[in-house]
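The values are calculated or read from the model by the stated rules, or taken from the named source; none is laboratory data. Note that this is a predicted model, so its numbers are computed, not measured. Don't worry about glycine lacking a Cβ; one is built from the backbone with ideal geometry, like all the others, and counts go over all protein chains shown. Protein only, heavy atoms only, side chains kept; ligands, DNA and RNA dropped before computing areas. Shrake-Rupley method; radii C 1.70, N 1.55, O 1.52, S 1.80 Å.
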Amino acid sequence: MPPRKKRNSAPPVSVTDRIGALPDSILHHVLSFLPAQAAVRTCVLARRWRHLWRYTTGLRIVGLEEEGEYIVKDLHKFVEHLLILRERTNLDTVQIKFSEFCEEDQPCVNLWVRFAVMCKVRALTLHISYEHLYLEDLPLVSRHLRTLDLAGVSLQKTFLDFASCPVLEDLNMSYCIINACRISSCSLKHLSIYLCSYDLDCRIHISTPCLVSLKIDHHSGRTPFLENMALLESAHVYLGNYCKDACLNHDSGVFCGANNNTCQNCVPIEDDCSREYVLLGGISNAKHLKLLPESKTVIFARDLKHCPTFTKLKTLLLNEYWCDGPDLYPLACILKNSPVLEKLTLQLFSMGPNHKVVMKGSYSSMERPSAISEHLNMVEVKCNVVDERILKVLKFLTAFNIRFGFV
C-alpha cells in the first residue's frame, strides 16, 4: 500500500491579546466609553480584568441599547453597588441618561449627581427624556467642572448660581424648566438654551461677562435679559411662537401703534428692565449674529428704539422679520448701526437649509454709501420665490449701489 501523502498542515495560530497588552491606564479610559453595566461585566474576561472597571475615568449610567427604553428603578440597585465598590478615583466624564423616573427616584439621581461632583468630574451630562426631574435647590460646588449638559430637568435659582464653579466653561440646557430669576457665572464661555420654558413674571437675567458664544433657540416665556457680554463673538437667537413677548394685536391684523391701538407688550413698562435693551445691548459686541424672530415678536422692535452700535459685527444673518414695514425700518436701523459689517445674509420666508432661490450681491462701484458699512462685500438673499416682498427688499438694497445676480 503506497504511503499516504502528507497534507500541508495549517501553520499554528498565534493568539495575541492585543487589548489585554495595553497598560491599565488606557484600559481604564477605554472602559469609560461603555455603559457601566457592560464595563463591570468585563471582570469575567480574565484575572487581570477583575478590578479594572473600578478605576474607569468615566461613568455612563445609562440603559443598554438592546433593552430599549430605560427607567431609573431598573438600575437603582446596580448603581448603589457600583458607587460603593468603585474606587474613589477622579472622573473625567459622567453621563446619566434615562427615559422615565418615579417621584421616589429623584433623591437617588440627585445623589448620583453629587457623587460625580465629589469625584471631581470635569464633564457632567444629565438627560431625562420624557418628564422633568427636579434638581435640588443647592449650588454646585466644584473647582473641576468644565462642562454641564442638562436636558429634561427642573432647575431652581440656587443651582443656576455658578459662583462656586470657577472653571465652568460650557453650559447646555435643553427641554428644561427654569425656575430662577438669574443665571450667573464669571467663567462661562459657551451657553446654549434650547426649548426651555420660563414661567415667572420677571425676566431671567443672564450674567455671563466672559461669554464667547450664545445660542437661544425656541425659548418659551419672557425673553431673557442679557447683561453686558464684552467678549462675545457669536450669538444665535431664535424667538418662536412660544415667546411671551409677542404683539397682542398681531393675530387681529391691526398694526400695533396705529390709531392708539398699541398693546402693552409693544410699549415699555416702567418697572420693566426692558426700558432700553433686553437682547441687543447684551450682544452688541458680537462679531457674528443670527437673529431670527417670528413675525409677532416685539422684543427686537422695542430694542431698536434705542439701537446700540455693533462696533465689531462682521457677519449678520436675518429673516423676514427685519424686512417688515413700508420703509424696512428694522433692517435699515441695524445696518446703519453696523459700521464694519462685511457679510449680510437675508433668509426670507424660507426656513432652509435648501432654498430654491439664492442671489448674491455686492457694491457695483468704488463709491460706497455712508448710510451702511463701507466694508460690506457680500450680500446674500435666500428665498423660495421672488415675489413682491422680495422685490421690495432688493429695491431697498440696490439704493446703496448693491447689484445682484442669481447663483
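Here are a few things to note about the model shown:
- Simple Cβ-charge dipole of region 88-201, Lys/Arg +1 and Asp/Glu -1, about Cα centre, in debye nearest 20: 700 debye
- Whole-Hz couplings from phi, Karplus 6.51/-1.76/1.60, listed for region 127-135; x for Gly and Pro: 10, 10, 7, 10, 10, 9, 8, 7, 8
- Length gained when the stretch Val385-Gln264 is fully extended (0.36 nm per residue, less Cα-Cα span): 40.0 nm
- Rh by Kirkwood over Cα pairs, then Stokes-Einstein D for region 73-212 at 1.002 mPa s and 20 °C, µm²/s: 138 µm²/s
- Annotation for region 302-407: trypsin sites (Lys or Arg not before Pro) lying in DSSP loop with at most 12 further Cβ atoms inside 10 Å of their Cβ are Lys305, Lys356.
- Integer Hz, Karplus 6.51/-1.76/1.60 couplings in order for region 164-173, x for Gly and Pro: 9, 10, x, 10, 5, 10, 10, 10, 10, 10
- Pairs over the 22 Å Cα-Cα cut-off, from the set Lys312/Lys395; Lys287/Lys392; Lys312/Lys356; Lys215/Lys296: Lys312/Lys395; Lys287/Lys392; Lys312/Lys356.
- For region 120-259, size of Cβ-based charge dipole, Lys and Arg +1, Asp and Glu -1, in debye: 380 debye
- In region 146-208, the inverse of the mean reciprocal separation of distinct Cα atoms equals 11.7 Å; this is its Kirkwood hydrodynamic radius.
- Region 300-407 shape via C-alpha gyration tensor axes, a/c threshold 1.5: oblate
- Per residue, region 275-349 exposes an accessible area of 37 Å² to a 1.4 Å probe, with every protein chain left in place.
- Length available on full extension from Asn110 to Val44: 0.36 nm per residue minus the Cα-Cα distance, which gives 20.6 nm.
- Length gained when the stretch Glu367-His29 is fully extended (0.36 nm per residue, less Cα-Cα span): 115.6 nm
- Ranked order, Trp322, Trp53 - accessible area, probe 1.4 Å, largest first: Trp53, Trp322
- Estimated from helical segments only, the mean residue ellipticity of the chain at 222 nm is -4500 deg cm²/dmol, where each DSSP H run of four or more residues counts as -39500 (n - 2.57).
- Between Glu374 and His76, the C-beta separation translates, for a Förster distance of 60 Å, into a calculated FRET efficiency of about 0.40.
- In region 182-230, the convex hull through the Cα atoms has an average projected area of 3.1 nm², a quarter of its surface area.
- Working note: Cα atoms of region 54-137, range along each principal axis, descending, whole Å: 34, 32, 21.
- Size of electric dipole in the chain: Cβ of Lys, Arg +1 and of Asp, Glu -1, about Cα centre, debye, nearest 20: 2360 debye
- Ranking by accessible area, most exposed first, for Lys73, Lys296 with a 1.4 Å probe: Lys73, Lys296
- Solvent-accessible area, 1.4 Å probe, carbon plus sulfur percent, for region 64-217: 52 percent
- The alpha-carbon positions of the chain define a convex hull whose volume is 257 Å³ per residue.
- A probe of 1.4 angstrom, applied to the heavy atoms of all protein chains, finds Cys383 with accessible area near 0 square angstrom.
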